[in-house]
Amino acid sequence: MSDSLFRSIFIGSVELKNRIFMPAMHLNMCRNFLVTEQLIEFYRERARGGAGLISVGYATIDELSGNPGNIGAHLDTHVPGLAVLAGAIHDGGAKATVQLNHAGRYNASFFLGGKQPVAPSPVPCRMTRETPKELTLQQIEETIRRFGEAAGRVQQAGFDLVEILAGTGYLISEFLSPLTNKRTDAYGGSLENRMRFGLEVIGEIKSRLGNGFPILVRLNGNDFMEGGIGPAELLEFAVALEQAGVDALCVNVGWHEAQVPQIVTKVPRGAFAYLARDMKKRVSIPVIASHRINDPKIARLLITQNFCDMVAIGRALIADPWLPEKARTGREDEIVHCVACGQGCFDNLFKMKPVECLCNPRAGHEYEEQPPKTAHAKKVLVVGGGVAGMSAALAAAEQGHRVSLHEQGLQLGGQLRLAGAPPGRAEFVVFGDDLARRLARHDIRVLLNSPVDREVLAREQPDQLILATGGEPVTPAIAGVDGDKVVQAWDVLAGKVETGRKVVIIGGGAVGIETALLLAEQGTLSGEELKFLLVNGAVSPEKLYQLATEGTKELVVVEMAGTLGANFGKSTRWGMLQDVSRLGIQTLTQAKVLEILDRGVRIELGGEEQFLPADSVVLAVGTRPANPLEKVAGELGIPCQVVGDALAPGTVFEANHQGYNAGKNIG
């Protein structure tokens, strides 16, 4: 039987070689709207990796629709760069499309030279904290025309399709939603009127490009916005789009303002595919499911179970551009899975940086010249089997060096296994397993339960030593910290210790919050148990929610600073803190721990002393480097590099990239 992922499919007149669609993602790799070598080489690699269809964008349709980091399609001078980009994707073996969009109220005056963003109605935006200007009828007509002109440039540049973004809270979905559309003219009020703008955009494009040039539309299956447009009306919009001549639909979910997590690691794989299934029941054109599809197994399942005709795999192709080809050739155990952390993709955008990737240090750097494979292999010894050590060993081996990796523990992964312990964070463990499998496929000597000391270094005499010995938890100078009821958060996350019913966690950074969430889940019901109770009508929905969120621990997090989870990435932090509130975890900021006693913890808060009863006290106050070998290496005259937490406590992103660069650049 043929692989469902790799059966060809038509979108309009265009045949795709497989069912894998790489959706458009803002990469911030353009400069003043112009395509760059960085962008071209990024997409060339994804095309070579086997995706059937690649969408680039979003691309602008006029001067108010985006920012200079977006791909430009609003001027004729943008066409040559677009043509080079289309050619690179075609050279790699994929079909290509451009996603056109207008940000509407999601744009900011900062990007517009002080100009006011525009929208259907002057409804303030919670993201930008600005109020947009209401479009006049003449401006609406002009915007529709500019969509058509931009689509013409996409066709002229040699792309195979054009895509229109009609969801996510941007302009077309702002017209659709009664939350942002308060108009009383022909473009507001009834669903028919609110759909008018989007349908007229499609009509304008078809009138310019003809019926032979396919149109793909990305729309929401659910906005998850209180007072917005719901799934039922979005299904009606989908039907209307098909009737207007659209050739395929890609089902998105949520607005950027929505309080339902959409793309972070806690979202189960394929969780929103049911929205594509609902849409597929109403239309006859191809339907593409999207969000948190990072593995061929879930992708096949969605297609074979008739949830969709194709799958959108986005950030997973940032993490591993060759995922499609590995799946096609039976090498799925070689895939490096996206962990949905957002650290290199979304968080970089908030920093006004081009997209990178925690899992893939090459992402965003494909255009950079790489050092040639060595002609003189060196003996490289890596100490530490966490992410930094594994990444360094892999990069050194790929450069042609003879590599051995020593890990003092009984398994590889290091702190990835701690990061993957809290609920909804298991993808970090998957990433550790991915790296370990890659080590096994290379000619790398891996020694577990193998501590390294002066004797080992003197005996081995490597040409290059890479120290990735990680960090160790800090024990603060607090009276009573050596008491029997005091444990380290790392030991809680590793499952090495148990805690009592009342727990005080000292430290509200990432580790403290993750530990609190892990403990708060104890005593809640599993998804399987909740489903059983639901389908059998055993309890009310309100009771189900209580059983899903009410555990058996009483938890208090004490943090000296004024902010919780400050070292989380921006795209992750809000969801983690949402869970802290939902699970009933008490948090105290700007609080100082004075003493740990047998019965609890004495703190100072707001100038007053308080006592927090506790059966267990968990320390989560930071990490310090564990690096006893650097001095020894210097004394033995062994060239040495230090990476990861052994150099300075940091993120998984930093550890992986530091390890990779250390191994890659061995002379």
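Among Asp453, Asp491, Asp223, which comes first, then next, by fewest other beta-carbon atoms within 10 Å?
Going from sparsest to densest Cβ surroundings: Asp453, Asp491, Asp223.
Mind checking which aspartates and glutamates have their C-alpha under 15 Å from Lys326, skipping anything on the same chain fewer than 8 residues away?
List returned: Asp3, Glu45, Asp295, Glu334, Asp434.
Which one of Ser207, Ile61, Val251 has its Cα pushed farthest toward the positive end of the charge dipole of the chain, where Lys and Arg give +1 and Asp and Glu give -1 at the Cβ?
Towards the positive end, the residue furthest out is Ser207.
Given an 8 Å cut-off on Cα distances and at least 6 residues of separation, report the relative contact order of region 4-350 as a percent.
Relative CO of region 4-350 lands at 16 percent.
Only sites in a loop by DSSP and with at most 14 other Cβ atoms within 10 Å count here; which trypsin sites (Lys or Arg not before Pro) in region 550-636 make the cut?
Arg599
Could you give the longest part of the chain that holds none of the GluC sites (Glu not before Pro) found in DSSP loops with at most 12 neighbouring Cβ atoms within 10 Å?
Answer from the scan: 1-225.
Suppose every Lys and Arg Cβ carries +1 and every Asp and Glu Cβ carries -1, with no other charges. What dipole size does region 4-350 come out with about its Cα centre, to the nearest 20 debye?
600 debye
Give me a comma-separated list of calculated 3J(HN,Hα) values for region 448-462, in order, Karplus coefficients 6.51, -1.76, 1.60 applied at θ = phi - 60°, integers in Hz, x for any Gly or Pro.
Going residue by residue, I get 8, 6, 10, x, 10, 9, 4, 4, 5, 5, 5, 6, 6, 6, x Hz, with x marking Gly and Pro.
Could you give the size of the charge dipole of region 557-667 about its Cα centre, using +1 on the Cβ of each K and R and -1 on the Cβ of each D and E, expressed in debye and rounded to the nearest 20?
Here region 557-667 has a charge dipole of around 400 debye.
Let me know the charge dipole size of the chain about its Cα centre in debye, to the nearest 20, where only the beta-carbon of Lys, Arg (+1) and Asp, Glu (-1) is charged.
In debye, rounded to 20, the chain gives about 880.
If one takes the longest principal axis of the Cα atoms in the chain, at what angle in degrees, from 0 to 90 and to the nearest 10, does the Cα axis of helix 510-521 lie?
80 degrees
For Thr374 and Arg459, FRET efficiency with R0 = 22 Å and r from the beta-carbon atoms, rounded to 0.05?
Efficiency at R0 = 22 Å is approximately 0.35.
What value, in deg cm²/dmol to 500, does the helix sum -39500 (n - 2.57) over DSSP H runs of n ≥ 4 give at 222 nm once divided by the residues of the chain?
It comes out at -10000 deg cm²/dmol, rounded to the nearest 500.
Putting +1 on Lys and Arg Cβ atoms and -1 on Asp and Glu Cβ atoms, find which of Thr168, Ser190, Asn306 reaches farthest to the positive end of the dipole of the chain.
Farthest towards the positive pole: Asn306.
Tell me, what ³J(HN,Hα) does each residue in region 2-7 have, in order and in whole Hz, if you take phi through Karplus 6.51 cos²θ - 1.76 cosθ + 1.60 with θ = phi - 60° and put x for Gly and Pro?
The phi angles translate into 6, 6, 4, 5, 10, 7 Hz.
Name the long-range amide H neighbours of Ile54: under 5 Å, sequence gap of 5 or more, or other chain; modelled H, no Pro or chain starts.
Answer set, sorted by chain and number: Met22, Lys95, Ala96, Thr97.
Which pairs in the list Lys182/Lys531; Lys373/Lys631; Lys353/Lys664; Lys115/Lys281; Lys281/Lys531 are over 32 Å apart, alpha-carbon to alpha-carbon?
Lys182/Lys531; Lys115/Lys281
Expressed as an acute angle from 0 to 90° and rounded to the nearest 10, what is the orientation of the C-alpha long axis of helix 570-582 relative to the principal long axis of the chain?
Computed tilt is about 70 degrees.
What ranking of Ser173, Ser8 emerges when the number of other C-beta atoms within 10 Å of each C-beta is taken as an exposure proxy, fewest first?
Ser8, Ser173
Using a Cα-Cα cut-off of under 14 Å, which aspartates and glutamates could be cross-linked to Lys485, ignoring same-chain neighbours fewer than 8 residues away?
Glu498, Glu595, Asp598, Asp615
Only sites in a loop by DSSP and with at most 13 other Cβ atoms within 10 Å count here; which trypsin sites (Lys or Arg not before Pro) in region 93-142 make the cut?
Filter output for region 93-142: Lys115, Arg126, Arg129.
Take the Cβ-Cβ distance between Gln610 and Trp574 as r, set R0 to 25 Å, and report the resulting FRET efficiency rounded to the nearest 0.05.
The formula returns an efficiency of 0.35 here.
Values quoted throughout were computed directly from the atomic coordinates according to the rules given, and no laboratory measurement underlies them. The shown structure was predicted, so the numbers you read here are calculated from the model rather than taken from an experiment. With ideal geometry, Cβ positions are generated from the backbone for all residues, glycine too; neighbour counts draw on all protein chains shown.
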